[in-house]
Amino acid sequence: MPFGAACLDDGSVRFRIWAPRSRQVEVSVTKKKKVLSLSPQAAEPEGTEGWFELITREAAPGSCYQFLIDGQHKVPDPASRFQPEDVHGPSQVIDPASFAWQDDQWLGRPWEEAVIYELHVGTFTRQGTFAAAEEKLDYLAKLGVTAVELMPVADFPGARNWGYDGVLPYAPDSTYGRPEDLKHFIQAAHAQGLMVLLDVVYNHLGPQGNYFGVYAPQFFTDRYHTPWGQAINYDGPGSRVVRDFFIHNALYWLEEYNFDGLRLDAVHAIFDRSNPDILTELAQCVRQQFGPGRLIHLVLENDNNAAHYLDRDEKGRARLYDAQWNDDIHHAFHVLITGETDGYYCDYAEHPLCHLGRSLAEGFSYQGQASAHREGAHRGESSRHLPPTAFVSFLQNHDQVGNRAFGDRMAQFAEPRALHAALAVLLLAPSPPLLFMGEEFGADTPFLFFCNFGPDLAGKVTEGRRNEFARFAKFRSPEMRAPIPDPGLEDTFLRSKLDWNSVGQAKHDEWLNLYRQLLALRQQEIVPHVESGSRSAKYEIHAVTVLTANWKFCDGADLTLIANLSSTEATFSSAPAGRMIYAGNSSLHSELETKTMPAWSVAWYLQP
């Protein structure tokens, strides 16, 4: 890694930083109370001037240090591996070789087996640490999960944050534990047969504790704007080093921490007119670095529905990215089972069942159509040629729960029958499903938006958060918005912690048993055929409320769904062929023989 502090074989430490605005860079080694000068380095390649480097024996693993810019500004290492005193404090030298990995035999799992469980380390357990989360891995494996996805852990300002305001992308946040704690968590997950994915943010840096502007303003550009702050400079002067900084960050998490994959947050807010663009170059570097021997999975969140990033090669393997979070399927489900049509749900209000059917069979529902929510802009690219594994499906995730005003979960406001039906569709469809922590036992605790900024920013965040909801009818006036929880209060964070004591109570066990049964059925009946590859898929709408969808797999199997996702009984022409592998209730089989679908009923058929 060309950035940061590296422990060399001879016992010395190499400090290296890109600071093109600076005339002089020094490193202050805290305990030794020494300030050492870094030497300017020749630019390679041309246009990357501004490197400073020092190799010294005055530092060692465990040493804390800060860079001193032009004798005035003390800043953390932008590639710090650990910040024991948060983002404004000194960085610590970490020797990656000091952790004794014991999972050398682990090469990952095929993407076709993915059942993803998204969690926020700080609220997943009462302690909010990597070590405490590790204690729940056995529970997750027994649930039927095959991949744990961590919301961003890169160092953020303060004691609590969702993680999307990180400012030091290489340093796991100290509130969760030390680097070796995270590595131990990943190693323990692998021992349980679980992949571990990490959410990373490459579209912006957080607003507090971000020192790049002091010594490397080339990290940012004014030519583009994001909803969260300055855009990263991926295609202007100086962008070669910026691109390398984030590409190495991806490689770092995958190599130094043995993560099995990355989910890149909101890449529609990454602006880059280069060829190849940063998303393409990053994925190419990852694929080249690890090759086919180790299974590494890359996932996008991309509101643009840019299907070309998900293309497969002649063997059906992802050329760049394995999958994208499929907002279309979530939004269609949400409208169907809740009736809510505010905000972006308006795009799915007219024919939600058609949107759901198209999402199941073709991946994206929006494949170039005009979006009313986006003022008529056309959204998406054709995705029907892609396999179902290219789309991650979900009913809940951190955004869809946390961006509700009161962080309420679907089990708290949706009719149970409707939610049961949606789960039976989601968890047995060929696309990899994603669960959000706690949904599997119908958690009563909310997941609220929370942060811990300093006083100069906290008030603005609170006001901005409440004003986001002004476009909704029930929050039109300031008085109606006043009860929305204050993100800066510690209580908002504490209320978001899962209540594990509720597991074992009757209503929560009913949900948990449903998830376990459906995921066991998925593993037994669905995954073996998904692994063979998909040849084709289609969907049809019958009697207005009945959806059928069919997938033909390369091993010759046919999988068929029939579902009445409405509150009224419906009729249909004929039952699908094959063996019924799932029915929502014991009488459904006989009712289907009379060509009747009860309200909120789902059946799956499999023909070898």
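The values are calculated or read from the model by the stated rules, or taken from the named source; none is laboratory data. Just so it is clear, the structure is predicted and the values come from calculations on it, not from any experiment. All Cβ positions, even for glycine, are placed from backbone atoms using ideal geometry, and neighbour counts span all protein chains on display.
For region 72-99, the tally of residues that are at pLDDT 95 or above and in a loop (DSSP other than H, G, I, E, B) stands at 19.
Among the strands (runs of 3 or more DSSP E) lying completely within region 495-571, list those that include at least 2 residues that are under 28 Å from the mean Cα position of the chain (by Cα) and on the phi < 0 side of the Ramachandran plot. Steps first, answer last, please.
Values: elements: 534-542, 546-553, 558-564.
Ranges flagged: 534-542, 546-553.
Can you say whether TYR117 is modelled with pLDDT of 95 or more and not in a loop (DSSP other than H, G, I, E, B), as far as the supplied structure shows?
Numbers: modelled with pLDDT of 95 or more: yes; not in a loop (DSSP other than H, G, I, E, B): yes.
Yes; evaluated as a whole, the condition is true for this residue.
Every test in (1) among the hydrophobic types (A, V, I, L, M, F, W, C); (2) outside any loop (DSSP other than H, G, I, E, B); (3) in contact (Cβ under 8 Å) with a residue 12 or more places away in the chain; (4) under 26 Å from ALA171 (Cα atoms) is passed by LEU107 save one, and that test is (2).
With the condition kept exactly as written, say whether any residue in region 329-344 is farther than 23 Å from ARG404 by Cβ and among the hydroxyl-bearing types (Ser, Thr, Tyr). Steps first, answer last, please.
Initially, region 329-344 is screened for residues farther than 23 Å from ARG404 by Cβ, giving none.
No, the conditions are met nowhere in region 329-344.
Working only within region 365-418, note down all residues that are in a helix (DSSP H, G or I), in contact (Cβ under 8 Å) with a residue 60 or more places away in the chain and not aromatic (Phe, Trp, Tyr).
Here is the first cut: in region 365-418, the residues in a helix (DSSP H, G or I) are 388-390, 398-402, 410-413, 416-418.
Retained after the next criterion (residues that are in contact (Cβ under 8 Å) with a residue 60 or more places away in the chain): 388-390, 398, 400, 402, 410-411, 413, 417-418.
PRO388, THR389, ALA390, HIS398, GLN400, GLY402, MET410, ALA411, ARG417, ALA418 - these are the residues of region 365-418 that are in a helix (DSSP H, G or I), in contact (Cβ under 8 Å) with a residue 60 or more places away in the chain and not aromatic (Phe, Trp, Tyr).
Can you name the residue in region 233-252 that is in a helix (DSSP H, G or I) and of a type outside the set (A, V, I, L, M, F, W, C) and is also surrounded by the most Cβ atoms within 10 Å (Cβ to Cβ) among such residues? Looking at the filtered set, the residue picked out is ARG243.
Going by the structure shown, is TYR344 out of contact with any Phe, Trp or Tyr (no Cβ under 7 Å at 6 or more places or on another chain), aromatic (Phe, Trp, Tyr) and not in a loop (DSSP other than H, G, I, E, B)? Taking the combined requirement at face value, the residue satisfies it.
Selection within region 421-459: residues that are farther than 27 Å from GLN324 by Cβ and part of a helix (DSSP H, G or I). The member of this set that is nearest to the chain's Cα centre (by Cα) is PHE441.
Quickly run through region 283-316 and pick out the residues that are touching a residue at least 12 places away in the same chain (Cβ under 8 Å), out of contact with any strand residue (DSSP E or B) (no Cβ under 9 Å at 6 or more places or on another chain), over 21 Å from ALA377 (Cβ atoms) and among the charged types (D, E, K, R). Within region 283-316, ARG294 is the sole residue that qualifies. Screening ARG516 on (1) touching a Gly at 6+ places or on another chain (Cβ under 7 Å); (2) surrounded by fewer than 14 Cβ atoms within 10 Å (Cβ to Cβ) shows it passes everything except condition (2).
Screening ALA159, ALA171 for residues that are outside the structural domain of GLU85 (by TED's automatic domain parsing) and either assigned to a helix (DSSP H, G or I) or under 19 Å from the mean Cα position of the chain (by Cα) (or both) leaves exactly one candidate, ALA171. Residues of region 563-596 that are touching a helix residue (DSSP H, G or I) at 6+ places or on another chain (Cβ under 7 Å) and closer than 19 Å to ALA543 by Cα: ALA563, LEU565, ALA575. On the basis of being assigned to a helix (DSSP H, G or I) and more than 23 Å from PHE246 (Cβ to Cβ), does ARG358 make the cut? It is true that ARG358 is assigned to a helix (DSSP H, G or I) and more than 23 Å from PHE246 (Cβ to Cβ).
Among the polar types (S, T, N, Q), touching a residue at least 24 places away in the same chain (Cβ under 8 Å) and on the phi > 0 side of the Ramachandran plot: which single residue out of ASN249, ASN258 fits that description?
After applying the criteria, what remains is ASN258.
Please determine whether any residue of region 340-351 is on the phi > 0 side of the Ramachandran plot and in contact (Cβ under 8 Å) with a residue 24 or more places away in the chain. Lay out the reasoning, then the answer.
First, pick out the residues of region 340-351 that are on the phi > 0 side of the Ramachandran plot: 343.
If we keep only those that are in contact (Cβ under 8 Å) with a residue 24 or more places away in the chain as well, we get 343.
Yes, some residue in region 340-351 is on the phi > 0 side of the Ramachandran plot and in contact (Cβ under 8 Å) with a residue 24 or more places away in the chain.
Residues are listed down the side, and each one gets a yes or a no for (1) surrounded by fewer than 21 Cβ atoms within 10 Å (Cβ to Cβ); (2) in contact with a Ser or Thr (Cβ under 6 Å, 6 or more places away or on another chain); (3) farther than 28 Å from GLY177 by Cα:
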| residue | (1), (2), (3) |
| --- | --- |
| ALA19 | no, no, yes |
| LYS33 | yes, no, no |
| TRP51 | no, no, yes |
| ILE55 | yes, yes, yes |
| ILE69 | no, yes, yes |
| GLN72 | yes, no, yes |
| GLY89 | yes, no, no |
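For region 535-594, a residue qualifies if it is in contact with a Lys or Arg (Cβ under 8 Å, 6 or more places away or on another chain), charged (D, E, K, R) and farther than 13 Å from GLN607 by Cβ, and exactly one does: ARG535. For region 1-42, a tally of residues being touching a Phe, Trp or Tyr at 6+ places or on another chain (Cβ under 7 Å) and not in a strand (DSSP E or B) returns 8. Evaluate region 522-542: report whether one residue or more is under 18 Å from HIS420 (Cα atoms), touching a strand residue (DSSP E or B) at 6+ places or on another chain (Cβ under 9 Å) and loosely packed, with under 15 Cβ neighbours inside 10 Å. Checking region 522-542: not a single residue is under 18 Å from HIS420 (Cα atoms), touching a strand residue (DSSP E or B) at 6+ places or on another chain (Cβ under 9 Å) and loosely packed, with under 15 Cβ neighbours inside 10 Å. Of the numbered criteria (1) farther than 27 Å from ARG465 by Cβ; (2) crowded, with 20+ Cβ neighbours inside 10 Å, the one LEU150 fails is (1). The residues in region 455-497 that are touching a residue at least 12 places away in the same chain (Cβ under 8 Å), under 21 Å from GLY128 (Cβ atoms) and exposed (fewer than 15 other Cβ atoms within 10 Å of the Cβ) can be counted, and the count is 1.
Is it the case that TYR321 is aromatic (Phe, Trp, Tyr) and part of a helix (DSSP H, G or I)? No; evaluated as a whole, the condition is false for this residue.
Taken over region 533-551, residues that are under 13 Å from THR571 (Cα atoms), at pLDDT below 95 and among the polar types (S, T, N, Q) amount to 1.
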